[in-house]
Amino acid sequence: MIVTEKITNHEFGKMVQAASTVLNQNAEFINSLNVFPVPDGDTGTNMSLSLASGLKYEREETSDSVGKLSVALAKGLLMGARGNSGVILSQIFRGFSKSIEEKPSLDAQDLAEALSAGAETAYKAVMKPTEGTILTVVREAAQAARNEANEGGSVVTVMDKASEAAKVALASTPDLLPVLKQVGVVDSGGQGLAFVLSAFDDILNGREISEDQQHQPDNTEMDEMIDAEHHRSVQGKLNPDDIVYGYCTEIMVRIGKGKEVDHKFDYDTFYKYLADLGDSLLVVNDDEVVKVHVHTEHPGKVMAWGQSFGDLAKVKVDNMRLQQETIIENDAEEAASEAKASENIPETAIIAVASGEGIQTLFKSLGVTHIISGGQTMNPSTEDIVNAINDSQAKEAIILPNNKNIFLSAEQAAEVADIPTKVVHSRSISQGMTALLGFNPESDLDGNTASMEENLSTVKSGEVTHAIRDTELDGIQIKKGDFMGIVDGKIKVTRPDMIDTSVAMVQSMLDEDSEIVTIIYGTDATEEEANKIEDAVMAIDGDLEVEIHEGDQPVYPFVISVE
């Protein structure tokens, strides 16, 4: 039986919510599909956080047009995109939204064309598209959707076919990408997208996600989500008397509960009355509750209207004129602080992504002007990087991602930043530090980028961590709990003992031109253990120079470079 004839704003909002919920629930499972059995596999986390950002923007869009809601979703995904998987997911929905941005609702053909546009945009976003990844999954899903729509299918059957095709394509990824078959997993990004499409399909078929599965934001989260822009906006010059609607009013209504109920809940009826009471209106609901945010002169009327549909589970009213008076009072102090900060604005901002206080200090000592906290286990979003660039107030910027999974986010940030920005494609902390030696304050942006990129090849980067599962990769048997030595992204050695693994890894990195070995120990290692590695390395080649630094980095007890 066809449950849904067209996708309206109501269905679309539930689809996005369901997909976000499912990704959140399955983030750890998706993480576990990482090809390398390291504890920083974060595809699921990245996709979940990226879509959560998209959901926030979609909820804040007050239009009832599916096209406008999809544009908001795509914007939120773009700004919240984390890691390559999050960026590609954002590109899928960027293409999806551009195809339907003028559509108030979607029929079967609209849906199929939007999925196809999403697949096309995602492929264009990747410089060298690889089959056996999320790209294969979205392409096959889109093709199945087109075929069904062309045969006269409904939005439900189009989504059925797309979801089924995504699952079949996902199962085929090990046959297309040998490394997946070698390890015995499907593509993690493809799995995430399959979850998204399956959640869409569930909603269109009337298969609601149960209440205990949904992640509903608590009061604090809702306050931050819908008021963040209001409270952070630059309003210092606004006269409080010029505020037309002075009361920021929020209510949460338990639909159908209470003694004052005399209306059956209908979204359009509920919304239209509130729309006449003020502006900045946001109405979010499911089957049990409706949440309202509105700026109005009549908070009492908002509450009374809510009570006619159910009892009030939450009420919050802020006097924005009073808040504005406080903002104005603080202006002089803030302006003085900003003036002082502007004295130290660099010509070129060098922005590095790094985790660990010691590593961050090392980067600053080498000339980095701004640090974005993150890297392993927590990739910064496109928005995080854009904010760091724009907040630097410099004339130009250089980004050191120090992790290949941050490349796409960094490149997207460079495209939308307010100032000219380049990305130096450092894959590791060691490469990032070596790249800095190529920076010349007298050179221009292109010259520095080229010089820093050239320096990347002069260092070998090694990382030591533990395996989170048994597997075999590149002919190496890996046991859960053993330590692995990873050199320039490839597992070279694995042994039960951390020190033995580290020394064997360094030995595999040495050649006749090697001169300097730098050992950075993290939170799961000690200086004493670093000294043991130094002694073993010097026993191999007494002419080497060994440096030891405390990095405080997570996940990797040792980050070791050879130059």
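Consider the stretch 480-502. How many of its residues are basic (K, R) and surrounded by 15 or more Cβ atoms within 10 Å (Cβ to Cβ)? Quick ask: steps written out before the conclusion?
Of the residues in the stretch 480-502, the ones basic (K, R) are 480, 490, 492, 495.
Imposing the further condition that a residue be surrounded by 15 or more Cβ atoms within 10 Å (Cβ to Cβ) reduces the set to 492, 495.
Number satisfying all stated conditions: 2.
Could you pull out the residue among K264, K272, K314, K291 that is buried (at least 18 other Cβ atoms within 10 Å of the Cβ) and either at pLDDT 85 or above or within 34 Å of the chain's Cα centre (by Cα) (or both)?
Numbers: K264 fails: buried (at least 18 other Cβ atoms within 10 Å of the Cβ); K272 fails: buried (at least 18 other Cβ atoms within 10 Å of the Cβ); K314 fails: buried (at least 18 other Cβ atoms within 10 Å of the Cβ).
One residue alone meets the criteria, K291.
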Only one of K460, K395, K404, K422 is among the basic types (K, R) and modelled with pLDDT of 95 or more. Can you tell me which? K422
Could you say which residue among T449, T458 is more than 17 Å from G374 (Cα to Cα) and in contact with a Lys or Arg (Cβ under 9 Å, 6 or more places away or on another chain)? T449
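Looking only at the stretch 390-416, filter to residues that are of a type in the set (S, T, N, Q) and either assigned by TED's automatic domain parsing to the domain that holds Y556 or in a helix (DSSP H, G or I) (or both); which one of those is nearest to N34 (Cα to Cα)?
Of all residues in the stretch 390-416, those of a type in the set (S, T, N, Q) come to 390, 392-393, 402-403, 405, 409, 412.
Imposing the further condition that a residue be either assigned by TED's automatic domain parsing to the domain that holds Y556 or in a helix (DSSP H, G or I) (or both) reduces the set to 390, 392, 405, 409, 412.
Numbers: N390: 33, S392: 34, N405: 12, S409: 19, Q412: 24 Å.
The qualifying residue nearest to N34 (Cα to Cα) is N405.
Residue-by-condition table, conditions (1) under 21 Å from N9 (Cβ atoms); (2) more than 14 Å from the chain's Cα centre (by Cα); (3) assigned to a strand (DSSP E or B); (4) at pLDDT below 95:
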| residue | (1), (2), (3), (4) |
| --- | --- |
| K56 | yes, no, no, yes |
| A74 | yes, no, no, yes |
| L77 | yes, no, no, yes |
| G86 | no, no, no, yes |
| E113 | yes, yes, no, no |
| T121 | no, yes, no, yes |
| P129 | no, yes, no, yes |
| G132 | no, yes, no, yes |
| V137 | no, yes, no, no |
So V156 passes all but one of these: (1) farther than 23 Å from A108 by Cβ; (2) surrounded by 19 or more Cβ atoms within 10 Å (Cβ to Cβ); (3) in contact (Cβ under 8 Å) with a residue 60 or more places away in the chain. Which condition number does it fail? (1)
Flagged pairs (Cβ under 6 angstrom, 6 or more apart or on separate chains; first in the stretch 159-174, farther than 15 Å from A19 by Cα; second outside any helix (DSSP H, G or I)) are L170/V186; T173/G132; T173/V186; T173/D187
Complete set of residues in the stretch 127-147 that are surrounded by fewer than 24 Cβ atoms within 10 Å (Cβ to Cβ) and closer than 18 Å to I203 by Cβ: none
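With respect to F96, determine if the residue is of a type in the set (F, W, Y) and surrounded by 21 or more Cβ atoms within 10 Å (Cβ to Cβ). Explain how you work it out, then say what you get.
Working: of a type in the set (F, W, Y): yes; surrounded by 21 or more Cβ atoms within 10 Å (Cβ to Cβ): yes.
For F96, the condition - of a type in the set (F, W, Y) and surrounded by 21 or more Cβ atoms within 10 Å (Cβ to Cβ) - is met.
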Flagged in the stretch 139-196 as in a helix (DSSP H, G or I), farther than 22 Å from F12 by Cα and of a type in the set (V, I, T), in numbering order, are V168, T173, V179, V183
Qualifying positions in the stretch 58-72 - free of Cβ contacts under 8 Å to residues at least 40 places away in the same chain, over 19 Å from V386 (Cα atoms) and in a helix (DSSP H, G or I): G67, K68, V71
Identify the single condition in (1) closer than 24 Å to A413 by Cβ; (2) modelled with pLDDT of 90 or more that G489 does not satisfy, given that it satisfies every other one. (2)
Can you go through I88, I100, I92 and tell me which one is farther than 24 Å from M378 by Cβ and outside the structural domain of I385 (by TED's automatic domain parsing)? I100
Please determine whether any residue of the stretch 26-40 is buried (at least 21 other Cβ atoms within 10 Å of the Cβ), closer than 30 Å to N390 by Cα and at pLDDT below 90. yes
Flagged in the stretch 352-371 as over 25 Å from the mean Cα position of the chain (by Cα) and charged (D, E, K, R), in numbering order, are K364
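If you check I419, I389, I372, which single one turns out to be over 30 Å from D497 (Cβ atoms), surrounded by 21 or more Cβ atoms within 10 Å (Cβ to Cβ) and either in contact (Cβ under 8 Å) with a residue 24 or more places away in the chain or hydroxyl-bearing (S, T, Y) (or both)?
Values: I419 fails: surrounded by 21 or more Cβ atoms within 10 Å (Cβ to Cβ); I372 fails: either in contact (Cβ under 8 Å) with a residue 24 or more places away in the chain or hydroxyl-bearing (S, T, Y) (or both).
The conditions single out I389.
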Is it the case, given these coordinates, that I468 is surrounded by fewer than 19 Cβ atoms within 10 Å (Cβ to Cβ), more than 27 Å from the chain's Cα centre (by Cα) and at pLDDT below 90? no
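The values are calculated or read from the model by the stated rules, or taken from the named source; none is laboratory data. Small disclaimer: the values here were computed from a predicted structure and weren't measured. Glycine also receives a Cβ, built like all others from the backbone with ideal geometry; neighbour counts cover every protein chain displayed.
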